[in-house]
1. Efficiency by 1/(1 + (r/R0)^6): what FRET value for B:ARG13 and A:ARG29, r their Cβ-Cβ distance, R0 = 41 Å, to the nearest 0.05?
2. If the only charges are +1 at each Lys and Arg Cβ and -1 at each Asp and Glu Cβ, what is the size of the charge dipole of the stretch A:274-346 around the Cα centre, to the nearest 20 debye?
3. Between the label point of A:GLN353 and that of the same position in each other copy, find the distances and list them shortest first in nm, with every label point placed 7 Å from Cα along the Cα-to-C-beta direction.
4. Residue by residue through A:325-338, how many Cβ atoms from other chains fall within 10 Å of the Cβ on average?
5. Within 10 Å of each Cβ in A:295-306, how many Cβ atoms from other chains are there, averaged over the peptide?
6. How shielded is A:34-45 by partner chains, expressed as the average number of their Cβ atoms within 10 Å of its Cβ atoms?
7. As a quick test, which of the pairs B:LYS11/B:LYS59; B:LYS59/B:LYS193; A:LYS59/A:LYS263 have an alpha carbon distance above 22 angstrom in this structure?
8. Between B:LEU105 and B:ASP4, what's the calculated FRET efficiency when r is the beta-carbon distance and R0 is 22 Å? Round to 0.05.
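The values are calculated or read from the model by the stated rules, or taken from the named source; none is laboratory data. Quantities reported herein were computed from a predicted structural model and do not represent experimental measurements. Here Cβ is always computed from backbone atoms with ideal geometry, including for glycine, and neighbour counts include all displayed protein chains. To get the accessible areas, we keep the full protein, side chains included, count just its heavy atoms, and leave off ligands, DNA and RNA. Shrake-Rupley method; radii C 1.70, N 1.55, O 1.52, S 1.80 Å.
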Protein chains: 2
Amino acid sequence: MDTDALVAGIKQRKIAALARTISLVENGRDGYEGVLSELHASVGQAHRIGITGPGGAGKSTLIERLVTTYRKRGVTVAVVAVDPTSPFTGGALLGDRIRMESVSLDPGVYIRSMATRGAVGGVATTTREVCDVLDAFGFERIIIETVGVGQSELAIAASADSTVLVLVPESGDGVQALKAGVMEIADVFVVNKGDRPGADRLVQEVEVMLGIRRGNAYRHVAAHHHPTAQPPQPPESAVPDGGSPTLEGGASGGPGWEPPVLKTVAREGVGAEDLVDLLERHFETLFQSGGLEAIRRERLARHTRAVVDRALSMLVWEEGDGEARLEAGLDAVVHGRMSPYKLAHDIVSDLQQARRNGE
Amino acid sequence: MDTDALVAGIKQRKIAALARTISLVENGRDGYEGVLSELHASVGQAHRIGITGPGGAGKSTLIERLVTTYRKRGVTVAVVAVDPTSPFTGGALLGDRIRMESVSLDPGVYIRSMATRGAVGGVATTTREVCDVLDAFGFERIIIETVGVGQSELAIAASADSTVLVLVPESGDGVQALKAGVMEIADVFVVNKGDRPGADRLVQEVEVMLGIRRGNAYRHVAAHHHPTAQPPQPPESAVPDGGSPTLEGGASGGPGWEPPVLKTVAREGVGAEDLVDLLERHFETLFQSGGLEAIRRERLARHTRAVVDRALSMLVWEEGDGEARLEAGLDAVVHGRMSPYKLAHDIVSDLQQARRNGE
């Protein structure tokens with residue numbers, strides 16, 4: 001594949017080049033790191049939004065509404081559905097479901113389900129790289145849906161600029177079920193299916209868990225049944241000193257942000273405008289506070305470490321003779337005459353020896 | 001910590017040494033690889049059983065019954081609960097729930113929830129190592145419960161000698177929900193809560209999905225409401241040529257094994273004896289067919305590869321100056337002047353250069 005042509009195609013915003021580049025990256029085929037390297041200077045304009053939550057929370061419907069809302073505002077959106085996931089949730093891939101009439105022909109929308117099987121060096125790393133391609137291409141918002149709620153899926157959602165945790169009244173024991181660490185990753189909480197019994201109680205539970213004081217209960221932004229483009233306003237009485245309620249305190253979203261809890265009914269489109277407003281405000285807050293630079297710096301550091309580890313692994317298993325050495329020593333390991341640790345360290349030493357001898 | 005004393009303690013079957021060794025391994029503290037290396041020759045006696053399935057399937061209750069059944073037969077059992085997991089399932093850790101009166105004081109039972117946070121080199125690798133310690137200690141059966149159903153959790157369960165997939169009638173769309181690849185990993189299917197509506201239909205669906213022909217429907221081993229220690233017997237009429245119904249065909253469990261579907265009511269203990277019988281038969285089949293050696297060989301190969309990758313990563317980030325080099329180059333990466341790929345490859349080259357110069 002002509003990787004220069006791909007890079008040029010991305011810069012010219014050719015959709016065919018985009019699709020082919022993403023495939024190249026997903027499959028770790030020859031030259032993919034070169035392409036990503038070339039695109040790097042163009043990365044960093046998009047707002048990356050991670051959306052996670054249990055199966056059945058209505059994430060896909062919510063995302064469909066978000067996409068529509070962004071498009072109404074003239075903003076381009078890419079959706080990456082990462083699905084390394086519960087084989088039990090029964091959900092079809094987002095990509096399959098969301099290819100709806102309303103946006104499928106809109107060039108301002110791009111939807112992609114991650115092919116995670118061939119991912120070299122881990123799904124999280126490859127997801128970041130696919131987002132980089134979409135970012136370099138020029139999509140203004142990138143929504144990363146993790147269809148699955150293992151620790152790695154959570155980490156993927158949390159590595160976005162803004163992270164949305166979607167809950168529903170019927171998620172069993174409500175927030176009791178949320179383990180330590182989960183609440184911390186979310187910048188915005190959504191209680192979807194907000195017209196069902198228990199929705200208000202769940203909102204309250206989340207707020208209690210967030211340690212929001214009673215006097216600050218305005219932080220619960222109620223969904224309007226006739227949503228407007230207006231950002232949600234807290235009740236006058238609850239606003240202290242005219243300050244913006246979301247620009248004080250400090251929480252997971254960086255300095256100056258306390259995660260709000262938003263009630264939505266995604267099926268009916270209720271709350272989508274509010275959610276987009278919140279996300280825009282979160283991004284703005286991140287930008288102003290310097291939190292965005294910190295997030296991106298940390299993301300790039302983590303990515304560089306992953307690329308190093310991947311390169312070292314390739315040195316042994318692809319370029320070096322690690323696999324042959326492994327095969328040669330495996331009998332002794334299987335029969336207990338040698339430990340896997342001894343064999344592993346022999347392989348590492350061999351690699352160093354080979355390099356030292358300039359082989 | 002005196003690692004020689006730990007190794008000696010394990011060999012003398014001292015429970016305090018066991019607990020401390022597992023902690024050492026989980027946290028990747030100094031000397032853990034040495035201890036594992038010393039223990040390697042003693043590893044390989046245990047039958048490792050992975051148990052996976054969606055939250056709410058009753059895995060913990062089933063495991064409690066399995067433990068009791070094994071103990072009645074005089075067999076020692078360790079349980080490792082891996083929980084890198086859905087923060088949404090609301091399940092308490094198995095370890096917390098299963099510390100029941102019936103077995104908590106029994107020295108023939110050991111229950112441990114994996115601490116996955118500190119795991120160096122991934123949860124799957126550390127889980128294997130903890131199982132190795134339990135194996136070397138002398139536990140005859142090791143049950144690995146993955147509380148969570150992401151791809152990595154599934155892989156952990158599947159790396160056991162025998163893998164049990166636990167389903168329940170209420171798991172939504174039944175087997176329609178099971179993605180390709182999940183059916184293949186299970187050696188035994190359990191339909192738990194088998195007294196609920198839809199249980200029989202789920203059993204049938206699984207069998208259809210397994211491609212079991214109608215004439216072979218005897219492979220559905222119905223749970224007895226008064227379970228006995230007898231292995232379940234297929235109806236005479238359905239046994240072809242007197243052959244054992246589970247020793248023909250070929251499926252995931254290695255040559256000579258077709259995964260049976262067992263209905264259980266774990267809460268009432270129904271089916272636990274049958275499940276233990278099936279697991280014993282599966283292990284015997286694996287042993288006879290050579291499948292066991294193949295599984296273990298592959299497991300050791302995978303483990304050696306993981307240890308190599310971990311050692312290389314340590315070389316750069318712990319022993320080498322990778323972190324300092326990263327920090328020095330990160331500004332250029334953040335501001336788009338250098339790509340993370342260039343920086344990563346510089347770090348790898350530096351490492352090689354340093355080694356070449358005998359530093």
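1. Working: r = 52 Å, r/R0 = 1.26.
For B:ARG13 and A:ARG29, the calculated efficiency is 0.20.
2. On the way: 10 positive and 14 negative charges, 65 e Å.
Approximately 320 debye in magnitude.
3. Result, one decimal in nm: 2.6.
4. Working: counts 2, 5, 1, 0, 2, 5, 1, 0, 7, 8, 2, 5, 2, 4.
Across A:325-338, the average partner-chain Cβ count within 10 Å equals 3.
5. Numbers: counts 0, 2, 4, 2, 2, 7, 9, 1, 5, 15, 9, 2.
Per-residue shielding by partner chains comes out at 5.
6. On the way: counts 2, 1, 3, 7, 2, 1, 8, 5, 1, 3, 3, 0.
Across A:34-45, the average partner-chain Cβ count within 10 Å equals 3.
7. Values: B:LYS11/B:LYS59 31 Å; B:LYS59/B:LYS193 11 Å; A:LYS59/A:LYS263 13 Å.
Violating the 22 Å Cα-Cα cut-off are B:LYS11/B:LYS59.
8. Using R0 = 22 Å, I get an efficiency of 0.15.
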